[in-house]
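The values are calculated or read from the model by the stated rules, or taken from the named source; none is laboratory data. The shown structure was predicted, so the numbers you read here are calculated from the model rather than taken from an experiment. Cβ coordinates were reconstructed from backbone atoms using ideal geometry, including for glycine residues, and neighbour counts include every protein chain displayed.
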C-alpha cells in the first residue's frame, strides 16, 4: 500500500478530508521519528512497538570483488508487532 492509498483509506474510515488525513499521518511519522532520534521507544498497544537497536561493527564482503570490508557500527530502527497485529494476520 502506498502512502497516498493509506491516506485515502484513513480519510474514508475516519470520515475526514484527505488533507486532514495526510496531515495526521505526516504528524504521526514526524513524532515517531523524533522520539526514536531521542532514543525513546514508541508503543502503540495492539499494533506494535518502534525502537532503536545498535548494530555492532562487523566485517563483510564486497560481492562484486570478493574483497573483505569493514562495516561500521550504527543505530537502526526496529518494529516489533503487537499481539493484536500478530493475531490479525
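On the basis of being part of a helix (DSSP H, G or I) and either more than 30 Å from residue 86 (Cβ to Cβ) or at pLDDT 95 or above (or both), does residue 64 make the cut? So residue 64 fails the test. Look at the range 33-53 and say how many of its residues are loosely packed, with under 14 Cβ neighbours inside 10 Å and either in a strand (DSSP E or B) or without any contact (Cβ under 8 Å) to a residue 12 or more places away in the chain (or both). Summing the residues that are loosely packed, with under 14 Cβ neighbours inside 10 Å and either in a strand (DSSP E or B) or without any contact (Cβ under 8 Å) to a residue 12 or more places away in the chain (or both) in the range 33-53 gives 9.
Would you confirm whether any residue within the range 1-11 is surrounded by fewer than 10 Cβ atoms within 10 Å (Cβ to Cβ), over 30 Å from residue 72 (Cα atoms), at pLDDT 95 or above and out of contact with any strand residue (DSSP E or B) (no Cβ under 7 Å at 6 or more places or on another chain)? Yes, the range 1-11 contains a residue that is surrounded by fewer than 10 Cβ atoms within 10 Å (Cβ to Cβ), over 30 Å from residue 72 (Cα atoms), at pLDDT 95 or above and out of contact with any strand residue (DSSP E or B) (no Cβ under 7 Å at 6 or more places or on another chain). Scanning the range 1-55 for residues that are over 17 Å from the mean Cα position of the chain (by Cα) and under 16 Å from residue 81 (Cα atoms) yields a count of 0.
Look at (1) more than 24 Å from residue 2 (Cα to Cα); (2) touching a helix residue (DSSP H, G or I) at 6+ places or on another chain (Cβ under 8 Å) and you find that residue 63 fails only one, number (2). Taking the condition without any contact (Cβ under 8 Å) to a residue 12 or more places away in the chain, farther than 23 Å from residue 86 by Cα and outside any helix (DSSP H, G or I), does residue 59 pass? No: the conditions fail for residue 59.
Please determine, by comparing only the residues of the range 67-89 that are exposed (fewer than 11 other Cβ atoms within 10 Å of the Cβ) and in a strand (DSSP E or B), which one is farthest from the chain's Cα centre (by Cα). So the residue we want is 68.
Annotation note: Cβ proximity below 8 Å between a residue of the range 73-89 that is in contact (Cβ under 8 Å) with a residue 24 or more places away in the chain and a residue that is part of a helix (DSSP H, G or I) (sequence gap 6+ or interchain) occurs for 77/36.
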